[in-house]
2 protein chains.
Amino acid sequence: MTRAPAVILLSGGLDSATCLALAREQGFACYCLSLDYGQRHRVELAAAGRVAASLGAAEHRVVKIDLASFGGSALFGGAAVPKDRPLEPEDQDIPATYVPARNTVMLSLALAWAEVLGAADIFIGVNAVDYSGYPDCRPEFIAAFERLANLATKAGVTGELAMAIHAPLMGLGKAEIIARGLALGVDYSLTRSCYDPDAHGRACGRCDSCRLRRRGFADNHLADPAPYH
Amino acid sequence: MTRAPAVILLSGGLDSATCLALAREQGFACYCLSLDYGQRHRVELAAAGRVAASLGAAEHRVVKIDLASFGGSALFGGAAVPKDRPLEPEDQDIPATYVPARNTVMLSLALAWAEVLGAADIFIGVNAVDYSGYPDCRPEFIAAFERLANLATKAGVTGELAMAIHAPLMGLGKAEIIARGLALGVDYSLTRSCYDPDAHGRACGRCDSCRLRRRGFADNHLADPAPYH
């Protein structure tokens with residue numbers, strides 16, 4: 001039996017690797033899409049390739065787009081990546097690492113590829129529990145994109161194919177995500193999450209992303225297998 | 001008084017030039033965005049630059065993204081651009097020139113730039129009357145994107161800035177669009193609409209885009225000032 005194709009947004013980090021493993025477990029042929037958008041932590045793109053290969057992806061594609069030319073995020077360099085800030089900020093500020101409209105752009109590109117592949121399913125590894133306060137990681141955002149996707153495409157006109165946006169990590173905390181991934185055989189030593197790695201690709205251990213990740217492993221009584229400097 | 005910034009999607013064609021003129025008339029400082037997405041009619045990008053300059057845009061930016069690598073449209077070469085087909089097809093087929101999710105991708109990038117600029121307004125020159133049967137030119141698509149935009153961005157969290165997606169040509173036919181633009185001083189000789197121009201940038205006169213455009217000028221008792229081969 002031919003497996004149905006799905007597009008998986010794959011950053012090279014812990015969440016999207018787990019998301020890919022979940023999509024594979026559901027029986028999809030996984031077409032993985034990474035975005036080279038000018039991020040300072042481009043080491044994640046090589047990690048994405050390793051993750052895709054290790055989890056048997058049908059294809060891994062990196063699309064280049066210069067979001068950095070718009071500016072507006074510490075992830076493009078210039079402004080510093082915040083370190084050692086509380087993981088549950090009381091003021092709910094959106095952090096400096098927020099990239100304007102990034103998930104909207106990524107989902108749009110996933111939609112373009114899905115339509116060409118004839119895929120009705122798109123997976124994105126966002127989660128609203130340990131989400132660092134980004135607006136485009138909320139369930140209402142995902143629901144609005146799904147609605148849009150069904151109006152934006154041929155499927156929306158012909159009614160042949162209803163697009164579904166899957167965010168299977170939405171309700172999970174980092175520790176649960178790691179536990180699920182380990183059960184599915186994800187090799188987290190291949191993944192990279194740090195916003196501010198050194199020249200050797202080693203994690204800083206102090207940005208939001210590192211600290212959420214390390215706490216997730218600690219909650220599972222495990223050490224994070226990723227390299228830290 | 002400082003004019004409020006708006007992002008205008010500018011293809012170099014007749015519709016988006018008119019859309020820019022309307023945004024300028026409404027008092028916006030116009031930041032024009034064009035997408036170099038691998039289209040075979042790249043001559044439109046040079047046209048977009050000329051149109052932006054002639055209508056006093058604050059800035060014109062071309063962002064490169066390789067949608068052509070996904071395939072799926074006659075506009076990327078390979079399949080032929082359809083010629084001489086009826087302008088009001090009875091079967092409502094979506095033509096071969098449809099680019100999967102193009103308007104979703106373009107609006108996403110406009111949203112990214114708008115958020116960085118602090119702009120609450122995005123203009124897109126789609127119209128549902130002479131729309132060639134594209135799903136992402138319908139009013140319900142625009143409304144769904146506006147809803148998404150307000151969930152996807154900082155504005156959606158803080159409530160500071162409500163994003164509006166303007167599609168001022170939505171209810172207009174080609175002849176009306178041209179009449180409006182002429183009244184606002186648009187120089188249509190600068191614009192290019194053909195899906196399949198020759199090596200000198202001259203229009204074919206036979207694709208859907210050429211034929212809708214020529215009929216629009218004819219309905220105004222005018223000759224189209226664009227060059228044809």
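Coordinate-derived values only; no laboratory data. Model, not experiment: these values are computed from the prediction. FYI the Cβ positions are ideal-geometry reconstructions off the backbone, even for glycines, and counts take in every protein chain you see.
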For A:His200, inter-copy label-point distances (7 Å, Cα→Cβ), nm, shortest first, read 6.2
Could you put A:Ser209, A:Ser193, A:Ser69 in order, starting from the residue whose Cβ has the fewest other Cβ atoms within 10 Å? A:Ser69, A:Ser209, A:Ser193
Translational D in µm²/s for segment A:167-207 (Stokes-Einstein at 4 °C, 1.567 mPa s, Kirkwood Rh from C-alpha pairs): 109 µm²/s
Fewest-first ordering of B:Cys204, A:Cys19, A:Cys30, A:Cys210 by Cβ atoms within 10 Å yields B:Cys204, A:Cys210, A:Cys30, A:Cys19
Give the calculated FRET efficiency between B:Asp36 and A:Ala223 to the nearest 0.05, with a Förster radius of 45 Å applied to their Cβ-Cβ distance. 0.50
In order over segment A:220-229: 3J(HN,Hα) from phi, Karplus 6.51/-1.76/1.60, θ = phi - 60°, whole Hz, x for each Gly or Pro, gives 8, 6, 10, 8, 5, x, 6, x, 10, 9
For A:Ile8, distant residues with modelled amide H under 5 Å away: A:Tyr31, A:Cys32, A:Leu33, A:Phe123
Packing-based exposure ordering (other Cβ within 10 Å, fewest first) of B:Ile122, A:Ile8, A:Ile178: A:Ile178, B:Ile122, A:Ile8
Can you list the copy-to-copy distances for B:Gly56, using a point 7 angstrom from Cα toward Cβ, in nanometres, shortest first? 6.3
Report, for A:Glu25, each distance to the same residue's label point in the other copies, shortest first and in nm; define the point 7 Å along Cα→Cβ. 5.8
What are the residues whose amide H is under 5 Å from the amide H of A:Ala164, where those residues sit 5 or more places off or on another chain and H is modelled from the backbone? A:Asp121, A:Ile122
What is the distance in Å between the Cα centroid of segment A:166-207 and that of segment B:197-218? 52 Å
Amide H within-cut-off set for A:Tyr228, under 5 Å, with H built and near neighbours excluded: A:Ala203
Proximal lysines to A:Lys83, defined as alpha-carbon separation beneath 29 angstrom and excluding residues fewer than eight positions away on the same chain: A:Lys64, A:Lys174, B:Lys154
Return the average number of partner chain Cβ atoms within 10 angstrom of each residue Cβ along peptide A:106-117. 6
